[in-house]
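Data block below; observations after.
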Amino acid sequence: MTEIKVTKTTSPKQKPDQNNLAFGKYYTDHMFVMEYEEGKGWYDPKIVPYAPIALEPSAMVFHYGQAIFEGMKAYKTKEGKILLFRPRKNMERVNISNDRLCIPPIDVDFAVEAVKKLVEVDKDWVPEAEGTSLYIRPFIISTEPHLGVKPSSTYKFIIILSPVGAYYPEGINPVKIYVESNYVRAVKGGIGYAKTPGNYAASLKAQMDAKKKGYTQVLWLDGVEKKYIEEVGTMNVFFVIGDEIVTPALNGSILAGITRDSSIELLKSWGYKVSERKLGIQEIYDAHANGTLKEAFGTGTAAVISPICELNWDDKKIEITGGKIGEISQKIYDAITGIQSGKKEDIFGWTTEVK
Ligand SMILES: *Cc1c(COP(=O)(O)O)cnc(C)c1O
């Protein structure tokens with residue numbers, strides 16, 4: 001494989017206070033950049049000082065949004081080792097998103113190596129305070145200067161790093177979720193299953209409306225009947241109904257989360273009955289009414305597990321687990337964060353060391 005050329009910064013930045021990192025506020029000293037040109041393929045992979053990039057105002061990404069991104073994390077263990085969590089899964093997902101957005105595929109193994117090498121170069125930036133990590137943001141943008149609508153003939157694949165704090169500084173915190181029955185996020189046949197900026201642009205208005213009403217995020221319903229549960233903002237969603245743990249099946253409009261997949265594997269390994277199926281919002285309200293709705297939680301890289309304590313669907317509010325964290329939510333959170341931070345045995349072989 002092509003070698004990744006490293007140019008180190010001559011003016012390293014001051015590192016932020018580890019106890020006050022928040023999310024996506026600070027960037028490390030370096031970034032990875034690789035170019036693509038039609039007929040030439042991906043070329044010139046390099047690690048360079050973190051800096052602004054120059055693009056033509058006519059670069060296609062600004063006009064037609066042909067772009068994809070990923071989100072993953074590196075964790076420092078007590079022993080000072082740096083671990084990545086299932087990085088191949090993220091890079092495989094890049095190619096799923098790329099395919100939908102007509103972006104040429106990347107070499108998955110090479111991309112994982114690029115992440116490792118970049119994290120290695122900036123290893124002093126991986127925070128070690130409890131709950132902190134180094135967030136990794138790979139993304140691809142279309143760069144051809146052209147105003148006609150077509151796939152770009154040139155791209156940039158960039159990876160930046162951001163030290164982040166514990167998502168919930170006071171431990172995992174239950175969130176209130178607004179069930180969105182006006183706007184929709186995605187439809188089958190659309191781009192819902194791709195991790196692409198357009199899905200987020202489409203979600204902002206509902207997100208802002210929900211915030212105004214005092215809710216953290218929205219729960220999306222299917223784009224056609226607005227009856228079936230899809231996912232929550234930046235997370236997949238699970239419900240514990242009786243002795244069944246249900247998450248919506250991947251139907252083409254839902255993002256296939258890696259935390260979702262890890263949660264399903266863990267739950268199955270513990271002997272729980274997990275179903276990936278169609279799940280109506282009415283079924284959730286019925287389960288609440290008859291006392292079988294036990295827990296609800298979101299899964300995603302940023303917060304890992306977000307217990308849901310309240311849903312509001314057309315002004316009908318239901319409370320779940322009385323504002324507390326459900327037993328299963330806590331169990332998955334402890335298991336995943338335990339494996340990520342090297343505190344628990346990695347029985348599934350999910351972590352990869354950076355060295
Ligand atoms: C990234 C993302 C998720 C969560 O995926 P993870 O791989 O678990 O981080 C869920 N939904 C959407 C829309 C996302 O973009």
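The values are calculated or read from the model by the stated rules, or taken from the named source; none is laboratory data. Being a predicted model, the structure only gives us computed values, none of them experimental. Backbone-built Cβ (ideal geometry, glycine too); neighbour counts: all protein chains shown.
Structure notes:
- Unique residue being more than 13 Å from the ligand (Cβ to nearest atom) and assigned to a strand (DSSP E or B) when the list is LYS268, LYS317: LYS317
- The listed residue being within 16 Å of the ligand (Cβ to nearest atom) and either among the β-branched types (Val, Ile, Thr) or more than 18 Å from the chain's Cα centre (by Cα) (or both), out of ILE53, ILE103, ILE68, ILE82: ILE68
- Across the range 286-303, a minimum of one residue is classified as in contact (Cβ under 8 Å) with a residue 12 or more places away in the chain, assigned to a helix (DSSP H, G or I), away from the ligand (no atom under 15 Å from the Cβ) and farther than 18 Å from ARG185 by Cα.
- One residue stands out in the range 227-267 among those that are small (Gly, Ala, Ser) and over 25 Å from MET208 (Cα atoms): the one that is farthest from the chain's Cα centre (by Cα), namely GLY242.
- Count of the range 239-259 residues which are on the phi > 0 side of the Ramachandran plot and either touching an Asp or Glu at 6+ places or on another chain (Cβ under 7 Å) or not in a loop (DSSP other than H, G, I, E, B) (or both): 0
- For the range 86-109, residues that are free of Cβ contacts under 8 Å to residues at least 12 places away in the same chain and of a type in the set (S, T, N, Q) total 0.
- Where strands (runs of 3 or more DSSP E) fall wholly inside the range 25-83, the ranges with 2 or more residues that are at pLDDT 95 or above and under 25 Å from GLU353 (Cα atoms) are 30-37, 41-49, 72-76.
- Annotation: of all residues in the range 151-171 being in a loop (DSSP other than H, G, I, E, B) and either β-branched (Val, Ile, Thr) or modelled with pLDDT under 95 (or both), the one that is surrounded by the fewest Cβ atoms within 10 Å (Cβ to Cβ) is GLU170.
- Scanning the range 60-81 for residues that are surrounded by 20 or more Cβ atoms within 10 Å (Cβ to Cβ), hydrophobic (A, V, I, L, M, F, W, C) and farther than 18 Å from LEU255 by Cα yields MET60, ALA74.
- Complete set of residues in the range 101-130 that are surrounded by fewer than 19 Cβ atoms within 10 Å (Cβ to Cβ) and in contact with a Gly (Cβ under 9 Å, 6 or more places away or on another chain): PRO104, GLU128, ALA129
- Failed criterion for PHE110 (all others in (1) closer than 21 Å to GLY41 by Cβ; (2) in a loop (DSSP other than H, G, I, E, B) hold): (2)
- Of everything in the range 248-262 that is more than 10 Å from the ligand (Cβ to nearest atom) and of a type in the set (A, V, I, L, M), the residue that is surrounded by the fewest Cβ atoms within 10 Å (Cβ to Cβ) is ALA249.
- Restricting the range 208-238 to residues that are assigned to a helix (DSSP H, G or I) and surrounded by fewer than 19 Cβ atoms within 10 Å (Cβ to Cβ), the residue that is farthest from the ligand (Cβ to nearest atom): LYS212
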